[in-house]
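Report on the following structure.
The values are calculated or read from the model by the stated rules, or taken from the named source; none is laboratory data. Please read these numbers as outputs of a predicted model, since none were measured by experiment. Heads up, the Cβs are rebuilt from the backbone with ideal geometry, glycines too, and the neighbour counts pull from every protein chain shown.
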Amino acid sequence: MITVSRWRIILVVLATLYGIFFTLPNVLPKDVRDSLPGFMPKQTLNLGLDLQGGSYLLYEVDTAALRNEQLTNLVEDARTALRGGQIDFTGLGVVDGAVNVRINDATKVEQAAKLLREGVGGQMATGARNVIVTTQADQRIRIAFVPQAMDAQAVSAVKQSIEVIRRRIDELGTKEPDIRQQGTNRISIAAPGESDPKKLQDIVGQTAKLTFQMVDETADVAQALQGRVPPGSVVLEGSEPGAPPLVIKRRALVTGEMLTDAQAGFDQQTGQAVVNFRFNGAGARRFADATTQNVGKRFAIILDNKYISAPSINEPITGGSGRISGNFTAESANNLAILLRAGALPAPLTIQEQQTVSAELGADAIRAGAISLIIGGIAIIVFIILAYGLFGVFAALALVVNVLLILGIMSMTQATLTFPGIAGLILTLAVAIDANVLIYERVRDEAHAGRTPIMALEHGYSRALVSILDANITSAISAIIMFQFGSGPIRGFAWTLLIGVVTSVFTAVVITQVLIGWWFRATKPKSLPIE
């Protein structure tokens, strides 16, 4: 094994150059990095929240509100289906977590049940219906969601919320946010470099559910405020202070999911900030049909159950685009445009925890981490040289290449370095030296057993390799488990440790073999310096 084969030399040289090549941008000033040729790497390590400073938020997805919304939609679907079948009914509403309705004509109960089975709800991924329609006493019909359907909707809501949050934060320009699910219905957000948690909350926490719905012109607002709301309508407050409440029909003409773009702008006549939007093909057709059929009536633009404005339809709007106006500032109009482009959250989010790490604290953490890394590295190098002399120097050189490889890989993959990640880096150095200790002690034992230097080296490396692989495979498995199931800081530690396990085996075995092989070929010693 102690041979200086060409492929090993090439591999060591390429690995060393790779480490230098991709680590170099981390020590260069930004203006120097920007002036590098195009083929040179410019990526630097991404610093985590604890090193760079930023904001941390923990949200909980309100699955109860999601369930209530689904039941409300189910009520409206049932109303539409029964009216379409010309079946008279009373008492349509939600009772004990399900939709209940009484059919006035006893002879039409089965017909109504059939209409509801075909006209409400949808299908689950398994192909089965997501609602169960049952007939009950006193000509009543009960419509309930299948428990598995509600569970699936809750899981889907969390996953969809994560994607919506990610798009919103990306729009803000925040670099490498760490957004992940915690438990069944919680989402943690770590945004390095974002020092204003209030701004982050305004963008992340707003549901941003946009709908266009008709104003119920026949309803009496005063009576509706007293609780006498017409069926199929709801009373909504305005988003602006002092705006009078309006009675709005529940059925949405068009929803925000049909938007293809939203951009902040200014009204050329008034100079006020507005949000310009554009529908997709289906949304444009539905909006054109709705405005054509309701010329002279008002429709409301509703955001998160509050109407922004309620203009009259003077003529059909067939262009597939429009604008939202109100008392917007340039910033609030831009924020609304971001929300609309990213899409609405499927369920409201409630803030559970908030933390802010200042840039000064992050700088202190970087300084402390760098000092601990330097001290740990020097201590390890001093120990290995004092213990093994020249072979210790070879191990120290391999250790330097190991650090370059770790930093180079993390820079190239744009992995995020956290303070626990620095701890993982220090632990990796110790593990790497431990591999050399195993090899050298085994070589020493073989030499003491009377073997020649070349045989002692051969047997030492080959027999120590099994122990080294066992130890590092165990560490790799632990790192993978921590990375898979851990949160942000734990994942940072695990990722650094996992990279270090791979590079440590390579540097401790291959690089030291090449260096010792060169030395052995050049000096042809009669004894080893570690005997």
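Is the stretch 217-236 home to any residue that is buried (at least 18 other Cβ atoms within 10 Å of the Cβ), under 30 Å from Gln52 (Cβ atoms) and either of a type in the set (Asp, Glu) or touching a residue at least 12 places away in the same chain (Cβ under 8 Å) (or both)?
No, the stretch 217-236 has no match at all.
Would you mind stating whether Ala449 is assigned by TED's automatic domain parsing to the domain that holds Val505, over 16 Å from Gly376 (Cβ atoms), modelled with pLDDT of 85 or more and not polar (S, T, N, Q)?
no
Which ones in the stretch 257-279 are of a type in the set (S, T, N, Q), at pLDDT below 85 and within 30 Å of the chain's Cα centre (by Cα)?
If the condition is that a residue be of a type in the set (S, T, N, Q), at pLDDT below 85 and within 30 Å of the chain's Cα centre (by Cα), then Thr260 is the only one that fits.
One residue is enough: does the stretch 403-426 have a residue meeting the conditions farther than 21 Å from Arg367 by Cα, in a helix (DSSP H, G or I) and in contact with a Gly (Cβ under 8 Å, 6 or more places away or on another chain)?
Within the stretch 403-426, one or more residues are farther than 21 Å from Arg367 by Cα, in a helix (DSSP H, G or I) and in contact with a Gly (Cβ under 8 Å, 6 or more places away or on another chain).
Any residue at all in the stretch 75-83 that's in a helix (DSSP H, G or I) and basic (Lys, Arg)?
Just the residues of the stretch 75-83 that are in a helix (DSSP H, G or I), to begin with: 75-83.
Next cut, basic (Lys, Arg) only: 79, 83.
Yes.
Can you pull out the residues in the stretch 180-195 that are surrounded by fewer than 22 Cβ atoms within 10 Å (Cβ to Cβ) and either within 11 Å of Ile162 (Cβ to Cβ) or in contact with a strand residue (DSSP E or B) (Cβ under 8 Å, 6 or more places away or on another chain) (or both)?
Arg180, Gln181, Gln182, Asn185, Arg186, Ser188, Gly193, Ser195
Would you mind telling me which numbered condition in (1) within 30 Å of Gln354 (Cβ to Cβ); (2) part of a helix (DSSP H, G or I); (3) of a type in the set (D, E, K, R) Glu60 fails?
Every listed condition holds for Glu60 apart from (2).
Being in contact with a helix residue (DSSP H, G or I) (Cβ under 8 Å, 6 or more places away or on another chain) and farther than 30 Å from Ser55 by Cβ is true for just one of Gly296, Gly319. Which residue is that?
Of the residues listed, the single one that is in contact with a helix residue (DSSP H, G or I) (Cβ under 8 Å, 6 or more places away or on another chain) and farther than 30 Å from Ser55 by Cβ is Gly319.
Of all residues in the stretch 86-110, how many are surrounded by fewer than 15 Cβ atoms within 10 Å (Cβ to Cβ) and not in a strand (DSSP E or B)?
9
Would you say Lys159 is surrounded by fewer than 18 Cβ atoms within 10 Å (Cβ to Cβ) and either within 30 Å of Arg491 (Cα to Cα) or among the small types (Gly, Ala, Ser) (or both)? First the steps, then the outcome.
Working: surrounded by fewer than 18 Cβ atoms within 10 Å (Cβ to Cβ): yes; either within 30 Å of Arg491 (Cα to Cα) or among the small types (Gly, Ala, Ser) (or both): yes.
Here the answer is yes, as Lys159 does meet what is asked.
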